[in-house]
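Everything below concerns the one structure shown next.
Just so it is clear, none of the values below were taken in a lab; they were calculated from the coordinates. Please read all numbers here as calculations on a predicted model, not as lab measurements. Please note: Cβ atoms are built from the backbone with ideal geometry, for glycine as well, and neighbour counts cover all protein chains shown.
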Amino acid sequence: MFEIFDTPFGMVAVAGMAGVVLLAIGLMVLFGSDRSDPMQKFSRQVGAAKPEAKAEQAQLRRRTGRNIKALENFSRFLEPENENELSAARQKMIQAGYYGKNAVRDFAALQFILAIGALIVSSLLVFVIAPDSFDSPLLAGIVMICPMALGYFAPRRWVESRVEARKTEILSGFPDALDMMLICVEAGQSLDQSIQRIGREMKQAYPALSEEFGALGEQVKAGRERTEVLRDMAKHCDIPDITSFATVMIQAQTYGTSMTDALRVFASEMRDKRIMRAEEKANLLPTKMTLGTMLFTIPPLMIILIGPSVVGISTELNPAMITGR
């Protein structure tokens, strides 16, 4: 009775039945659960006193979200149920440079598609294309699970690498941005105009920093309070220097001190910190080169020094090498 499972067709049938069962369970959970969308929960908590909020949100979704309508039905699987986790995921996507409203959902959908696609391809390889090459069940399981895990965790690693790259870029260009801001303010421009000017001028050299200052300038221009926008910028960047800059600007505005003096002192400190970071990397360079120097210098040196002695000893112990017998 169970001999059919030893054939490739039987294994494919088992995999197909397992997939059908998992799909049925997923559909039951999807359509049988009465849990609401996390965005709806957030809207009810924040704007419960606005009955027109749902109508405006529905109209906005119809106007801008038609291309992702297929993902709305699977939002429970593609977004965290907890609002704190959802906020943290959105914060991570913003730090990576993805400002879209559905960035979290698209990221989760990409993880799901890559994992399932890798599982399907590896299953076809194991059971259909080359079943004779995977006699061991352990080897077949490894070949099926490893691509699926890679497809699931690769997008997460990509987002983390983008976050680190953007932080490094922002940290590198921030002293130059402060110097340009100081020059603009001393030339007679307002702080808002200087922020918008930085967003335009630094687009080629530091795109990430240009995006942050451009978003800061546009939000202030749209009517938001500068203190709130600065706090949001510090939260999005998650860099101590940006947080210190936001704190200095907020305190200068709150207590009525001179923006020019605050910018001059802060820009000087940021230049000194950049020089200190460069000196720190330079001081670490000899330590990092020690291992490479030992790896590529000592073995050839030992061969040159000990090689002739080893050859002489081997010839004395084996006289046949001299006589050629």
Do you know which residues across the range 210-244 are over 24 Å from the mean Cα position of the chain (by Cα) and not hydroxyl-bearing (Ser, Thr, Tyr)? Gly217, Glu218, Gln219, Val220, Lys221, Ala222, Gly223, Arg224, Glu225, Arg226, Glu228
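Looking only at the range 198-253, count how many residues are of a type in the set (D, E, K, R) and under 20 Å from Ala267 (Cβ atoms).
Of the residues in the range 198-253, the ones of a type in the set (D, E, K, R) are 200-201, 203, 211-212, 218, 221, 224-226, 228, 231-232, 235, 238, 241.
Subset that is under 20 Å from Ala267 (Cβ atoms): 200-201, 212, 226, 241.
Here the count works out to 5.
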Which count do you get for residues in the range 213-229 that are out of contact with any helix residue (DSSP H, G or I) (no Cβ under 6 Å at 6 or more places or on another chain) and part of a helix (DSSP H, G or I)? 5
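What about Ile198, is it surrounded by 14 or more Cβ atoms within 10 Å (Cβ to Cβ), out of contact with any helix residue (DSSP H, G or I) (no Cβ under 7 Å at 6 or more places or on another chain) and of a type in the set (A, V, I, L, M, F, W, C)? Full working, then the answer.
Working: surrounded by 14 or more Cβ atoms within 10 Å (Cβ to Cβ): yes; out of contact with any helix residue (DSSP H, G or I) (no Cβ under 7 Å at 6 or more places or on another chain): no; of a type in the set (A, V, I, L, M, F, W, C): yes.
Judged against the criteria, Ile198 is not a match.
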Scan the range 150-164 residue by residue and report those that are in contact (Cβ under 8 Å) with a residue 40 or more places away in the chain and of a type in the set (Gly, Ala, Ser). Gly151, Ala154
